[in-house]
Amino acid sequence: MESDYGVHRELSDLQKQRALYQPELPPCLQGTTVRVEFGDGTTAADPSGAHVISHAYPHTYGQPLAHFLRATAKVPDAQIITEHPVVKVGVVFSGRQSPGGHNVIWGLFDAIKAHNPKSTLLGFIGGTEGLFAQKTLEITDDIISTYKNQGGYDLLGRTKDQIRTTEQVNAAMTTCQTLKLDALVIIGGVTSNTDAAQLAETFAVSNCSTKVVGVPVTLNGDLKNQFVEANVGFDTICKVNSQLISNVCTDALSAEKYYYFIRLMGRKASHVALECTLQSHPNMVILGEEVAASKLTIFDITKQICDAVQARAEQDKNFGVILIPEGLVESIPELYALLQEIHGLHSKGISTENISSHLSPWASALFEFLPPFIRKQLLLHPESDDSAQLSQIETEKLLAQLVETEINKRLKAGTYKGKKFNAICHFFGYQARGSLPSKFDCDYAYVLGHICYHILAAGLNGYMATVTNLKNPVNKWKCGAAPITAMMTVKRWSRGPGATPIGKPAVHPATVDLKGKAYQLLRENGMSFLLEDMYRNPGPLQFEGPGADAKAITLCVEDQDYMGRMKLLQEYIDKVKSIVKPGCSQEVLKAALSAMASFTEVLSVMSSPSYTGQAHL
């Protein structure tokens, strides 16, 4: 019921204690003066798509990066904002709930009130549907008090999670104009921030004064790029899941007779599965990115698992734990092609009960091979972003059934000499996403909320709040904002036989980097995890003491300070300018020309579409 939004929660003693925790702010966000330095205009990471993005977003593409500075920073051309007029800001949850989302609102509220106590923050109740219908709740100290550092999205709720159609965009603009909003803050993942970029462009075209700001909040951890190191909610999800996985590992080691197949929420990318593997050390993980890169079929994966089961049986180990990302089904070539064909038939209005009779011969053969429960799940209507309903497709049960069948065949043939194969299946997702947020997510979300106000104060539209240097303490975090269009790529795909390839600029989900340090860490330890039972239990989520300040392993092992490197590059360029100027020696000039000619030639090759294009198809 709408009347339930914003009501005081009944809090446990632990929740009350958590509500008292005050997140720290980096020096650049402290005080009431906003100091912002603008960098050069941005471009697309993939040059082959730059013209498409610039054509689709002529008003918001190519905007500069923004860096927010501490009071002691000596930057001559920094913009210093000391006057803060009364503002009215709207905020909406647009995406699946992620632990820490409430702290974005809390941070935004505190920042707005700190800079002008007369300013107003309106929350749209019921997500984007509430935005379209102009249903608001004014955020106050009293209302936010029992939601500080708490999980869920129940302060405001969420619904359809999209602002995409012309009707929806117009409804959002009408709301912003009617309520005279100075800014609209959209809290969500890749799809929601793509919608935010489109909304910002439409507002600019229509001379709507409302500024649109995006915030990277998604438990999937797939809104990662050169500007965004981590997403609010990912840290918590992985810590909670890792404890559950570790408990299961202990159970497996104790009973010594079950194989646990655990599917993890996280959409198509396998970030959650990778991080949980590094934290808890299960025997095996099947990453969707590995499957897609090697074009492994469902039978290849079954063989891999069976070979692992057989290798463990030879050591008299007839138990184990296997992790599976929920997006695996879309990484298996034949299952993905089947899903695409099914979704194409859905889009043509074919009823669910009649789809199987309209499948192509090869798709029909595969469909009939699959167990009835999987067939039913594959026929579900796709999500609003056209992806399959991954949380409803029980890939873990499919694999467990196929593995059991193959192990039984090997048993009869005498190639498998272990005990009877027994599988237990789990899906971990909903259990974790409503958790109390970790200390990291509390801090990160609160800081992002403050940055949203700084973006508004700087008059920016179509930007995402960003924090880099996240693996370091909060006082060393670097805060800024990047145009959402700079995070976009253009991917081309076909749907169904004979379809014309189409492409549209979007913030696409980042997949696990198979050349990255986190993946290499997994590969280095993979065989030990498989055979040596190196199970590790990080324990319950900690808010104080040992483990409270632990951060995601995948965040800490990577060297990601892109924004810091951009500033360092600018410093080098400025230094060259200060040395090579009229009056310098011939030798200095010649050395500079020689070095710059070689340098620019290398960069030109590396940034050409032919060099980068293949990686983005």
### Query
If each of TYR430 and HIS59 carries a label point 7 Å out from its Cα toward its Cβ, how far apart are those two points in nm?
4.2
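Let me have the 222 nm mean residue ellipticity of the chain computed from DSSP H runs of 4+ only, each contributing -39500 (n - 2.57), with the sum over all residues rounded to the nearest 500. Please list the in-between numbers first.
Numbers: 23 runs with 265 residues, N = 617.
Counting only the DSSP helices, I get -13000 deg cm²/dmol.
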### Task
Calculate the spin-label point distance for ALA591 paired with SER12, positioning each point 7 Å from the Cα along the beta-carbon direction, and give it in nanometres.
6.6
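Quick check: residue separation of ASP142 and VAL557 times 0.36 nm, minus the Cα distance between them. What number comes out in nm? Please report the intermediate quantities before stating the final value.
Working: separation 415, 0.36 × 415 = 149.40 nm, distance 4.05 nm.
Additional length available on full extension: 145.3 nm.
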### Task
Compute the acute angle (0 to 90°) between the alpha-carbon long axis of helix 271-280 and the principal axis of greatest extent of the alpha-carbon atoms of the chain; round to the nearest 10°.
70
### Query
By how many degrees, 0 to 90 and rounded to 10, does the Cα axis of helix 562-579 deviate from the longest principal axis of the chain?
40
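Restricting attention to the range 55-91, which trypsin sites (Lys or Arg not before Pro) occupy a DSSP loop and are surrounded by at most 10 other Cβ atoms within 10 Å?
On the way: sites: ARG70, LYS74, LYS88; in loops: ARG70, LYS74.
Passing sites in the range 55-91 are LYS74.
Please tell me the relative contact order of the chain in percent, rounded to the nearest whole number, where contacts are Cα pairs under 8 Å and at least six residues apart.
For the chain, the relative contact order is 21 percent.
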### Query
Which of the aspartates and glutamates could be linked to LYS439 by a straight reach, that is with a Cα gap under 15 Å, when you skip same-chain ones fewer than 8 residues away?
GLU24, ASP235, GLU544, ASP549
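First compute the accessible area of the chain with a 1.4 Å probe, then give the percent of it belonging to carbon and sulfur atoms. Intermediate values should be presented prior to the final figure.
Working: 14540 of 26680 Å².
The nonpolar share, carbon plus sulfur, comes to 54 percent.
Could you work out the percent of alpha carbon pairs in the chain separated by over 50 Å, rounded to a whole number?
That tail contains 13 percent of the Cα-Cα pairs.
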### Task
Can you tell me the 0 to 90 degree angle between the C-alpha axis of helix 190-205 and the longest principal axis of the chain, rounded to 10?
30
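Sort 227-236, 207-216 by the packing proxy (mean of other Cβ within 10 Å over each peptide's residues), most packed first.
Numbers: 227-236: 27.0, 207-216: 24.8.
Order by mean packing, descending: 227-236, 207-216.
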### Task
Arrange the peptides 152-161, 272-281, 454-463, 370-379 so that the one whose residues have, on average, the most other Cβ atoms within 10 Å appears first.
272-281, 454-463, 152-161, 370-379
### Task
Could you order peptides 24-33, 130-139 by the average number of other Cβ atoms within 10 Å of their residues, highest first?
130-139, 24-33
### All lysines inside 17 Å of LYS257 as judged from Cα atoms, apart from same-chain residues fewer than 8 positions distant
LYS317, LYS417, LYS419, LYS420
### Task
In whole Hz, with x marking every Gly and Pro, tabulate ³J(HN,Hα) for the range 353-368 from phi via Karplus 6.51 cos²θ - 1.76 cosθ + 1.60, θ = phi - 60°.
5, 9, 4, 4, 7, 9, 6, 5, x, 5, 5, 5, 5, 5, 4, 5
### Message
What distance in nm separates the two pseudo spin-label positions at ASN247 and LYS417, each 7 Å out from Cα along the beta-carbon direction?
### Response
3.8
#### Entry: Binned Cα-Cα distance frequencies in the range 242-377 - 5 Å width, integer %
2, 9, 16, 18, 17, 14, 10, 6, 5, 2, 0
### Message
At a threshold of 8 angstrom on Cα-Cα distance, excluding pairs fewer than six apart, so keeping six or more, what relative contact order does the range 156-279 reach in percent?
### Response
20
### Task
Name the residues whose placed amide hydrogens come within less than 5 Å of the amide hydrogen of ASN422, ignoring near sequence neighbours (fewer than 5 apart) on the same chain.
TYR259
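The values are calculated or read from the model by the stated rules, or taken from the named source; none is laboratory data. Not measured: the values here are computed from a predicted model. Cβ: placed from backbone, ideal geometry, glycine included. Neighbour counts: every protein chain shown. For the accessible areas, the whole protein counts, side chains as well, though only heavy atoms, and no ligand, DNA or RNA atoms are used. Shrake-Rupley method; radii C 1.70, N 1.55, O 1.52, S 1.80 Å.
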